[in-house]
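Novice: Dropping a structure here in structure tokens format, bear with me for questions.
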Amino acid sequence: MCYLPFVTFESQVWDYDSCNGKWGETEWYEDVDVSARLYESGSVDVERHPKGTRARILLTSVFGPYAQDDEFGSRSINPMELYHNQVTRAQGSFSLRMFHRSWGIMMIQANISAPCTVLDFPTRKDFARELKAHEYDIVGISSIIVNVAKVREMCRMIRQLSPNSKIVVGGHVAAIPAAEKMIDADFIVRGEGVSWMRRYLGEDPNAPIQHPPIVSGMNTRIMGIRLPERKGATAATIIPSVGCPMGCNFCTTSAFFGGKGKFVNFYESGDELFDVMQQMEDQLKVHSFFVMDENFLLHRERAMRLLDRMKAAQKSWTMSVFASANAIRKYTMQELVELGVSWLWMGLESPRAGYSKLSGSDTRQLTRELREHGIRVQGSTIIGLEHHTPENIVSEIEHAVSHDTDFHQFMLYTPVPGTRLYQQMSDEGRMLSDVDFADVHGQFKFNFKHAAISREDSKRFLDWAFWRDFQVNGPSLYRISRTLLAGWRRYKDWPDARVRLRFANEMHRLNGIYSSALWAMERQFRKVDGKVSDRIRQLRKEFRQESGVASRMMPAVLGPVLLWTTRREDKRLARGKTYEPPTILERKNWAPA
Ligand code: B12
Ligand code: SF4
């Protein structure tokens with residue numbers, strides 16, 4: 001057994017004998033006392049904590065740093081970033097970099113009346129300090145499967161530093177079969193956590209959901225500069241529901257909240273949603289929303305009622321949403337635009353995969369149409385589906401790339417515990433037993449035996465897909481500028497003032513910035529790919545035609561600065577620079593002990 005030597009926090013020294021080099025499944029089962037109670041979504045027999053709502057609670061995400069290889073399962077290719085991890089990672093200094101808070105624990109904190117601290121993205125040292133600084137009755141850890149080794153370590157630390165705390169583990173990590181044998185927790189909660197925690201504290205699990213004010217992203221960087229964080233400039237996250245009723249076989253979010261036909265709605269109606277959005281508008285001074293619902297447009301009645309309310313109140317809001325192609329097809333383009341849909345994340349998977357969410361949809365035509373209406377499209381394609389072979393995968397990737405989406409996510413087909421796909425692969429004996437959970441994140445290599453593609457090749461094809469999309473379509477920043485311009489041209493004279501205002505706001509706010517970025521991009525691409533550079537120049541000219549004097553002047557000043565920061569960032573990245581989210585601590589209902 002290898003040894004993780006000594007870890008020093010403040011003046012204390014502890015000895016953690018946690019590491020055996022590989023966090024594979026079998027080694028874990030031996031040395032853990034199996035005491036945890038496992039709760040399925042919606043269990044009603046949850047025992048109440050003796051202190052009820054007087055219990056002092058710490059809710060925490062797993063510790064960082066994240067974007068580096070370490071013995072706790074951090075991986076440099078798996079940073080705590082959405083775009084750079086799985087969307088724009090091949091785009092170098094043009095990659096969009098930003099962090100997102102851990103919304104699950106923020107949601108729980110906002111909906112209990114016990115004194116509660118949320119600790120987001122702590123280091124181990126921060127976590128230890130917080131455990132020692134307050135006597136927590138309950139420590140809740142939120143995690144997904146890749147970070148199970150960190151959960152294990154955090155449980156050990158809690159037992160040592162805060163032995164009277166009850167440990168509750170929630171989030172997708174709870175889907176691991178026999179999780180209770182790997183981590184030394186008291187409770188492991190599968191599924192929706194607000195109602196579970198309310199039951200545990202003796203509160204009404206069905207009380208209305210209070211939405212916390214959530215700024216959707218932070219520490220945003222692109223082209224080597226960190227964007228200023230003005231109040232109201234970043235969208236608010238709204239979480240109308242968790243889960244998805246479509247139940248695609250590989251989908252872990254759907255499976256975790258009940259699977260096909262099931263999901264948990266926090267806000268049933270368009271009226272409720274409107275009220276929440278209005279509250280967020282007041283509190284955060286925002287007009288744009290990132291709607292965290294796996295298939296927002298599927299619920300047409302709710303969306304159309306929201307539109308009625310927006311029209312009546314003259315709200316010129318914008319919305320970023322996730323939706324499947326069949327759900328998008330339930331709306332006309334006008335309805336989507338009036339609803340303020342400005343960014344849409346759509347699963348393209350593969351035309352030959354037979355998913356019902358794609359049935360009857362020509363996704364290429366749909367993408368083109370959406371972009372012509374000023375709606376930015378983020379496509380999502382799966383590499384390594386059952387029908388993929390070394391012979392057909394290249395043409396499947398070319399097909400995906402030909403959508404020319406604004407952003408494109410590529411992910412490996414990955415059987416994840418809790419899903420139907422995982423069950424099927426396990427039954428067929430095709431799961432690879434020696435793959436560390438820390439490497440099961442869809443951006444490395446297969447964790448199962450594919451019929452035609454080897455594990456090594458899975459990574460090559462995945463990497464090639466990212467590279468090819470960037471090579472053919474250019475930086476996403478260029479692509480979103482193009483979509484914005486198309487929307488502005490189409491809707492600048494539109495009869496509905498809400499719609500006009502929205503495009504005008506985006507155009508006036510960003511015109512000069514985008515033009516300057518295009519100026520820098522055009523020059524940066526001259527050496528790399530002349531054709532892409534020409535396309536960027538053409539777009540820059542079109543922007544110029546639509547610009548006022550100030551915006552027309554801006555590229556001459558800001559463009560060279562951005563070119564310089566871009567080149568500086570490229571050098572930094574080449575030297576291995578990575579980014580980490582800041583540690584955040586927030587207390588609610590708090591009174592000193
Ligand atoms: C935002 C997000 C992120 C953010 C991370 C934010 C953060 N601070 O951790 C970013 C973009 C960085 C990210 C990265 C990744 N993510 Co992610 N992410 C999401 C996303 C889109 C939303 C999560 C969310 O807030 N949902 C809304 C909240 C309310 O739901 P929730 O978190 O599930 O919380 C509820 C319950 O789970 C439970 N609960 C949660 N925590 C706790 C704690 C306690 C104590 C209790 C009792 C209950 C409880 O109660 C909550 C309320 O009901 C989900 C998809 C989704 N729709 O959920 C994927 C998802 C969580 N991510 C996933 C994955 C795989 C990843 C990556 C590995 C992917 C990748 N290659 O990029 C990386 C990992 C990075 C890393 N190093 O850890 C998977 C998890 C799969 C799994 N089975 O583990 C998901 C489900 C997406 C998917 N369908 O594949 N992600
Ligand atoms: S439509 Fe998307 S969110 Fe819904 S089950 Fe399928 S993959 Fe999951």
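Novice: Restricting attention to region 566-582, which residues are in contact (Cβ under 8 Å) with a residue 40 or more places away in the chain and under 17 Å from residue 84 (Cβ atoms)? Lay out the reasoning, then the answer.
Specialist: First, the residues of region 566-582 that are in contact (Cβ under 8 Å) with a residue 40 or more places away in the chain: 566-570, 572-573, 578-582.
Within region 566-582, 566, 569, 570, 572, 573, 578, 579, 580, 581, 582 meet the criteria.
Novice: I'd like to check something: does region 203-210 contain any residue that is of a type outside the set (D, E, K, R), within 11 Å of ligand 1 (Cβ to nearest atom) and open to solvent by 10 Å² or more (accessible area, probe 1.4 Å)?
Specialist: If we filter region 203-210 for residues that are of a type outside the set (D, E, K, R), which is where we start, we get 205-210.
Add one more test, that the residue is within 11 Å of ligand 1 (Cβ to nearest atom), and what stays is 209.
Subsequent filtering for residues that are open to solvent by 10 Å² or more (accessible area, probe 1.4 Å) retains 209.
There is at least one residue in region 203-210 that is of a type outside the set (D, E, K, R), within 11 Å of ligand 1 (Cβ to nearest atom) and open to solvent by 10 Å² or more (accessible area, probe 1.4 Å).
Novice: Within region 187-202, which residues are open to solvent by 30 Å² or more (accessible area, probe 1.4 Å) and assigned to a loop (DSSP other than H, G, I, E, B)? Can you show your working first?
Specialist: First, pick out the residues of region 187-202 that are open to solvent by 30 Å² or more (accessible area, probe 1.4 Å): 190, 199, 202.
The answer is 190, 202.
Novice: Could you tell me how many of the residues in region 334-343 are small (Gly, Ala, Ser) and either within 16 Å of ligand 2 (Cβ to nearest atom) or open to solvent by 20 Å² or more (accessible area, probe 1.4 Å) (or both)? Before you say what the answer is, go through the steps one by one.
Specialist: So in region 334-343, the residues small (Gly, Ala, Ser) come out as 340, 342.
Checking the rest, the ones that are also either within 16 Å of ligand 2 (Cβ to nearest atom) or open to solvent by 20 Å² or more (accessible area, probe 1.4 Å) (or both) come to none.
Of the residues in region 334-343, 0 are small (Gly, Ala, Ser) and either within 16 Å of ligand 2 (Cβ to nearest atom) or open to solvent by 20 Å² or more (accessible area, probe 1.4 Å) (or both).
Novice: Another question about this same structure. Among the residues of region 503-527, write down those that are surrounded by 18 or more Cβ atoms within 10 Å (Cβ to Cβ) and among the hydrophobic types (A, V, I, L, M, F, W, C).
Specialist: 503, 507, 517, 518, 519, 520, 521, 525
Novice: For region 250-266, indicate whether the set of residues that are of a type in the set (Ser, Thr, Tyr) and within 18 Å of residue 106 (Cβ to Cβ) is non-empty.
Specialist: Of all residues in region 250-266, those of a type in the set (Ser, Thr, Tyr) come to 252-254.
Those left that are additionally within 18 Å of residue 106 (Cβ to Cβ): 253.
Yes: one or more hits.
Novice: Take the conditions modelled with pLDDT of 95 or more, of a type in the set (Gly, Ala, Ser) and touching a Ser or Thr at 6+ places or on another chain (Cβ under 6 Å) and apply them to residue 288. Does it pass? Show your work before the answer.
Specialist: Working: modelled with pLDDT of 95 or more: yes; of a type in the set (Gly, Ala, Ser): yes; touching a Ser or Thr at 6+ places or on another chain (Cβ under 6 Å): yes.
Answer is yes for this residue.
Novice: Given the residues 364, 305, 352, which is the only one that is touching a helix residue (DSSP H, G or I) at 6+ places or on another chain (Cβ under 9 Å), more than 16 Å from ligand 1 (Cβ to nearest atom) and at pLDDT 95 or above?
Specialist: 305
Novice: Sort out for me the helices (runs of 4 or more DSSP H) sitting completely within region 414-527 that have 3 or more residues that are free of Cβ contacts under 8 Å to residues at least 40 places away in the same chain. Show your work before the answer.
Specialist: On the way: elements: 420-427, 455-473, 476-491.
Per the criteria, 420-427, 455-473.
Novice: Here's another thing I want to ask about it. Within region 368-386, can you find the residues that are part of a loop (DSSP other than H, G, I, E, B) and open to solvent by less than 50 Å² (accessible area, probe 1.4 Å)? Give the steps one after another, and end with the answer.
Specialist: If we filter region 368-386 for residues that are part of a loop (DSSP other than H, G, I, E, B), which is where we start, we get 373-375, 384-386.
Within region 368-386, 373, 374, 375, 384, 385 qualify.
Novice: What is the residue count in region 214-252 for residues that are touching a strand residue (DSSP E or B) at 6+ places or on another chain (Cβ under 7 Å) and within 15 Å of ligand 1 (Cβ to nearest atom)?
Specialist: Within region 214-252, residues that are touching a strand residue (DSSP E or B) at 6+ places or on another chain (Cβ under 7 Å) and within 15 Å of ligand 1 (Cβ to nearest atom) number 17.
Novice: Residue under question is residue 389, and the condition is that it be within 28 Å of residue 487 (Cα to Cα) and in a loop (DSSP other than H, G, I, E, B); does it hold?
Specialist: Details: within 28 Å of residue 487 (Cα to Cα): no; in a loop (DSSP other than H, G, I, E, B): yes.
Judged against the criteria, residue 389 is not a match.
Novice: When only residues in region 239-263 that are of a type in the set (Val, Ile, Thr) and touching an Asp or Glu at 6+ places or on another chain (Cβ under 8 Å) count, which is nearest to ligand 2 (Cβ to nearest atom)? Write out each step before concluding.
Specialist: Filtering region 239-263 down to residues of a type in the set (Val, Ile, Thr) leaves 239, 242, 252-253.
Subsequent filtering for residues that are touching an Asp or Glu at 6+ places or on another chain (Cβ under 8 Å) retains 239, 242, 253.
Working: 239: 14, 242: 11, 253: 6 Å.
Among them, the one singled out is 253.
Novice: Okay, moving on. Condition test on residue 162, is it within 17 Å of residue 186 (Cβ to Cβ) and in contact with a Ser or Thr (Cβ under 9 Å, 6 or more places away or on another chain)? Quick ask: steps written out before the conclusion?
Specialist: Working: within 17 Å of residue 186 (Cβ to Cβ): yes; in contact with a Ser or Thr (Cβ under 9 Å, 6 or more places away or on another chain): no.
So residue 162 fails the test.
Novice: Return the only residue of 153, 192 being under 22 Å from residue 122 (Cβ atoms), out of contact with any Lys or Arg (no Cβ under 6 Å at 6 or more places or on another chain) and of a type in the set (Asp, Glu). Please lay out each step first, then the result.
Specialist: Working: 192 fails: under 22 Å from residue 122 (Cβ atoms).
Answer to the selection: 153.
Residue-by-condition table, conditions (1) open to solvent by 10 Å² or more (accessible area, probe 1.4 Å); (2) within 12 Å of ligand 1 (Cβ to nearest atom); (3) under 21 Å from residue 48 (Cα atoms); (4) among the hydrophobic types (A, V, I, L, M, F, W, C):
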| site | (1), (2), (3), (4) |
| --- | --- |
| 135 | yes, no, yes, no |
| 141 | no, yes, yes, yes |
| 147 | yes, yes, no, no |
| 153 | no, no, no, no |
| 166 | yes, yes, yes, no |
| 169 | no, yes, yes, yes |
| 175 | yes, yes, no, yes |
| 178 | yes, no, no, yes |
| 181 | yes, no, no, no |
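Novice: Now a separate question. Considering each residue of region 410-424, count those that are closer than 19 Å to residue 91 by Cα and within 12 Å of ligand 2 (Cβ to nearest atom), and give that number.
Specialist: 1
Novice: When you go through (1) at pLDDT below 90; (2) on the phi > 0 side of the Ramachandran plot one by one for residue 374, which number turns out not to apply?
Specialist: (1)
The values are calculated or read from the model by the stated rules, or taken from the named source; none is laboratory data. Model, not experiment: these values are computed from the prediction. We place every Cβ from the backbone using ideal geometry, glycine too, and count neighbours over all the protein chains shown. The protein model used for the area step is the full one, side chains on, heavy atoms only, and it has no ligands, DNA or RNA in it. Shrake-Rupley method; radii C 1.70, N 1.55, O 1.52, S 1.80 Å.
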